[in-house]
Structures are given as structure tokens and as C-alpha cells.
1. Nearest 20 debye, what's the magnitude of the dipole of the range A:66-177 about its Cα centre given +1 on Lys and Arg Cβ and -1 on Asp and Glu Cβ?
2. Only bridges whose two residues both fall in chain A count here: according to DSSP, what percent of them are antiparallel, nearest 5?
3. Could you calculate the FRET efficiency of A:H131 with A:T161 from 1/(1 + (r/R0)^6), where r is the beta carbon distance between them and R0 is 22 Å, rounded to 0.05?
4. If you count the DSSP beta bridges with both ends in the range A:65-208, what percent of them are antiparallel, to the nearest 5?
5. Averaging over all projection directions, find the projected area of the Cα convex hull of the range B:16-55 and quote it in nm² with one decimal place.
6. How big is the dipole moment of chain A about its Cα centre under a simple scheme where the beta carbon of each Lys and Arg is +1, that of each Asp and Glu is -1, and everything else is neutral? Debye, nearest 20, please.
7. I'm checking a number: the convex hull volume of the Cα atoms of the range A:292-349, normalised per residue, in Å³. What is it?
8. Using helices alone, I'd like the mean residue ellipticity at 222 nm for chain A: each DSSP H run of four-plus residues gives -39500 (n - 2.57), total over residue count, nearest 500.
Amino acid sequence: MTTFSIRAFIPPLTRRCLPLQATRRYAVQAPGAPMLEIFSGQQKWMQKERAASDTETSRSVDYLRDEVASRLCERVLDINRHFPRVLDLGANACNISRMLTLPSEETPDKGPRSKRIGTITAADPSETLLHRDADLPFNKEINIVRDVLTTSELLPYEANTFDAVLSSLSLHWINDLPSVLAQVNNILKPDSPFIGVMMGGDSLYELRTALQLAELDRRGGVSTHTSPLADVKDIGGLLQKAGFNLLTVDIDDIVVDFPDTFSLMKDLQAMGESNAVLAREKGGIHRDVLLAAESIYKELHGNEDGTLPATFRLIYMIGWKPSASQAKPLERGTGMFSIKDYLEKDKKPGEGKE
Amino acid sequence: MPARTRPIDKLATAAAKCSTESSVYGKCIFADYNNVRKDMCATEFLKLKECYLVRSLPKIEWGSADQSTEGV
């Protein structure tokens, strides 16, 4: 069954240029629609590799990914089930795995959150970033396998492999989200959840507007400096189109205060989250524009104490692969009692006192 | 080997010293931010840039403090 492949002996950079002739996988595309390419996968890969090669700096900007991964783990805990095989899609520096080895914030004495997880497969195209924390002690506390992907849009796994697929802060760099979600649906076992979180809608709107105004004034036009992001409204449709059932989508805003725009941009760069839009202006942002954007950001969005807030809007999504045995929503109008009555039941005594 | 100062760090330190000019320029854009056109706040920006350029020059110790005290 197994065929001998020399792929592993080709250096990574060359390997990326070779076509994957032997790979035939399930993928979908909207009929008739041309494949849109917005982000440069090569550029993103390079940025992540470069960022991760400076281990110290890269670790110092893990605050966002760790926090988001931790919140995602809490959502995994909400599902009362054992997951023998889990895939962490777009693992970055294996933040989810590390967060799983920590105890839950709500019940700190109950041991690590990873009790119900068997093997976690961390998959990411960037080898350096993926293996950055491979020597840290948490690797011994969880059964982790690191898989370097050839591209972030092709999942080299058999159908019905995983009991859960998690994804934290990497879906926003994927060009063909419908296809990747359909592939995720395909590799999940029936009645298994996909739990993901991605950057969405109004993330970094302060930086976006400040740079736009600065460029308009300095250069008389606007070029793309922040990615176009999926909106909350789109996610439900995307998941449904990929064949998921029982969807849950919710959003969460994390606002981080930065001393100035330069530290914000430096942090984004150290995360490997710099601009990778194909239509971007090559080369750095003009110095005049940076200088102008700093002033505009401060004036337009700045806090009273002089710090600059940066909003990260996170979209959490949960979808289940359909299965015959799965619990189905009841039909409309079959409810036996009113939720309104139930919620107001507890309120009534309190209202009288106030 | 001392760590190399990145250009963005130099830009950040120099820009931080020009808060007055920066705020004037920011207010100028903010006054009409729905209708920004090229060089709308050119004068304010030039003042900001001038300040930034002066501040970003390497410090030259012309008549440093101890010399002037000697003269006195």
C-alpha cells in the first residue's frame, strides 16, 4: 500500500515549488466561480518562518494567541466527551496544546484540561514556528504529533480520521475557506465537532483607518495594509455550505493597549501576522505615512492616558459533522414551555426589592 | 556585540519627542476626516516632519554643559 516517496529528502524550499502530483484529495469549489487568491501563501510562510527564527521575540508576543487558545480550550471542555484523536489545524506555535496542559481557570485544582484528549496532531505549514516550543516541558504532558503541511489549504488526511478539529487564529489567512472547511468536514468522524476561532470583521480597524487617512493625506490614495477579513454574518453560511450541522457562532473582542503604532506593528510582525495580501504594495510603508498614521491614530482612537487601543475581533465557530444518531433540533412550535417564563421566574422576587 | 537598533525603533523614539506637532497634525486630519484629500494638512505635516528630522539626528555635543559652565 505504501509507496516510497523522496519528498522528505528534498529541502523544504524546493519541496514547496514541486507540484503535489500524487495527491488527490476531496475539495470543493463553487461551480463556475474562479478561484480567488487574496493572500500569498508563500509570503505568509516566509513571514512565519522569519518571525519564529527569533525565538525570544516570538515567544514574547504569544499573549494574544495564548489567550485565544485558552478561551478555545474552555469551549472544548464544554463538550462532555472523550476525544482520542484531535487535529489542531494551523497550530502556529502549538498554543492550543500548551494551553490544554494548563488547568482550567474556573477549576484550577482539577488538573490539566487535556484529560479528555488522546493524541493531538498539530499541523502548520511553518516548520520553524511549529517546532519552536518542541523542547519545552509541556510536550511531555500531552501526546502531541507535529505535522508540517505543504500548504495551509490542503489537508493530507484520510476521511473520517479525527474526533475533533480545532483551529485557532490561522483561518484568516486561507484563500479558499469553503474548500478548507469542506475538507475539515470530510476528515472528521461522523457526529464530531469542528471548533475554530478566527480574526474577523473589525479587527484592527483603528490601524486600518489611521493608515488609510494618513495615505490619503500624504500620497492621495489608499493601498491595502490590513487583510480583508470574514464577517460574523458570513461564517454561518460558510459552515453550512461546508456541510456542518448544529452551528454556534459567537464573537469576542479583545482590546490590547499599545504605547504607539510602531510597537503594534512590531508585535504583529513578530507574530508573523504582517500583511500578506497579494495586491499589497511591495516594500515597506513610506516613512511619512508611518509618521502621519501615528499622529492620526493617537488623535482619532487614542486613550486618555496616551496609549493606543487595538481591537481584535475573534469569531468562534462550532459545527458538527452530520450523523444519523445526532440529536436534532425540535420542530418549530413543539416547545412545551416558554423560555421567557423560565427566565423571569428567578427575576420576580428580586424586582420587588429594587 | 551591542544589538542593532532597528530603523523603526529610531523612528519611534524620534516621533515620540514631537507630541505637540503630532497632535496639531492629528487634529487637522480629525477636523475633516470624512473628506481627506492629498496634502490637506501639508503645512502641519511639514512641521511634524521637521521636528522628527531634527530629533532623529544623532546627538552632537557642541557646546556641552560642562564647557558652558567653564566659560561662566
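1. 380
2. 50
3. Computed FRET efficiency for A:H131 and A:T161: 0.45.
4. Close to 5 percent.
5. So the Cα hull casts an average projection of 2.7 nm².
6. 1460
7. 252
8. Helix contribution divided over all residues of chain A: -11000 deg cm²/dmol.
Every number here is computed from the coordinates shown, using simple stated rules; none is lab data. Remember, it's a predicted structure, so these values are computed and weren't measured experimentally. Using ideal geometry, Cβ is built from the backbone for each residue, glycine included, and neighbour counts are taken over all protein chains shown.
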